[in-house]
Amino acid sequence: MATPSSHQVLEVLGRIKDPDLGRDVVSLGMIKELDVSPQGKVSFTFELTTPACPVRDRFKSQAEDAVSELPGVTAVEVRMTANVRQSFLRPKPSDILPGVKQTIAVASGKGGVGKST
């Protein structure tokens, strides 16, 4: 029996949808380092957007089930990782106050409870 192509593997993995983003995991770039050995072993990295992904286990089992159903697949190895991307909205500290290395926060402590002496 012939081993599946990388394209076939990506096609079945593309049926897995991210519930939060509403797109498939392949188009989102979550499938990395895909390898199909001549013996039919398929291995890849499933890269999540957060280490605390609530659907991590579901993604892994869906990926294993989908790929293992392909003809010619003898084993499936899914490595789950996370790549937390920096926020695009947060400015770099050097852009907030150019030329300033350190800042000190000062509060006046006016009003409220617990400040009487």
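The values are calculated or read from the model by the stated rules, or taken from the named source; none is laboratory data. Predicted, not measured: the structure shown is a model, and the values here were computed from it. Cβ sites come from the backbone with ideal geometry, for glycine too, and all protein chains shown count toward neighbours.
The one condition from (1) farther than 18 Å from THR81 by Cβ; (2) at pLDDT below 95; (3) crowded, with 18+ Cβ neighbours inside 10 Å that PRO38 does not meet is (3). Each residue in the stretch 5-27 was checked for being assigned to a loop (DSSP other than H, G, I, E, B) and either surrounded by 15 or more Cβ atoms within 10 Å (Cβ to Cβ) or touching a helix residue (DSSP H, G or I) at 6+ places or on another chain (Cβ under 7 Å) (or both), and 6 of them qualify. Just to be sure before I move on: is LYS17 in contact (Cβ under 8 Å) with a residue 12 or more places away in the chain and among the basic types (Lys, Arg) in the structure I sent? So LYS17 fails the test. Any chance the stretch 48-69 includes a residue that's out of contact with any His (no Cβ under 7 Å at 6 or more places or on another chain), assigned to a strand (DSSP E or B) and of a type in the set (A, V, I, L, M)? Yes, because at least one residue in the stretch 48-69 is out of contact with any His (no Cβ under 7 Å at 6 or more places or on another chain), assigned to a strand (DSSP E or B) and of a type in the set (A, V, I, L, M).
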